[in-house]
Amino acid sequence: ATADMAFAREEIFGPMAPVFKFETEEEAVRLANATEYGLACYFFTKDLARAFRVAEALEYGQVGINAGVITSEVAPFGGYKESGVGREGSKYGCDEYLNIKYMCLAGL
């Protein structure tokens, strides 16, 4: 796959499995983040340290690591960038409708 193909520039909802060639982990993250969208992404690794490092670097609302199915009713659903603001589902689903107030009381 190449960066000029439609699925690299558009948010496509459907079964797609593009394969990009890369030399380094940093290049793979750069290629994955080079889009205005960020709903979900997936990658596979046997290295636990790499799993956390890459997942943190990816600009996506949902990251599947060694998994093809990542959504459930208890997982927050939503993306980064142009793929949405806020989260549906989970305990975070109501956050955009709430105001949080911090109160600190001392010296009574």
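Some observations on this one:
- Residue match in segment 65-76 (condition: on the phi < 0 side of the Ramachandran plot and modelled with pLDDT of 95 or more): yes
- Residue check, GLY38 more than 15 Å from ALA3 (Cα to Cα), in contact with a Gly (Cβ under 9 Å, 6 or more places away or on another chain), of a type outside the set (Ser, Thr, Tyr) and not in a helix (DSSP H, G or I): yes
- For ALA75: the one exception among (1) over 17 Å from ALA32 (Cβ atoms); (2) in contact with a Phe, Trp or Tyr (Cβ under 7 Å, 6 or more places away or on another chain): (2)
- From the list GLU59, GLU82, GLU23, GLU11, the lone residue that is touching a residue at least 12 places away in the same chain (Cβ under 8 Å), surrounded by fewer than 16 Cβ atoms within 10 Å (Cβ to Cβ) and assigned to a loop (DSSP other than H, G, I, E, B) is GLU11.
The values are calculated or read from the model by the stated rules, or taken from the named source; none is laboratory data. What you are looking at is a predicted structure, and each value in this text was computed from that prediction instead of being measured. Quick reminder, even Gly has a Cβ in these numbers, built from the backbone with ideal geometry, and neighbours come from all protein chains shown.
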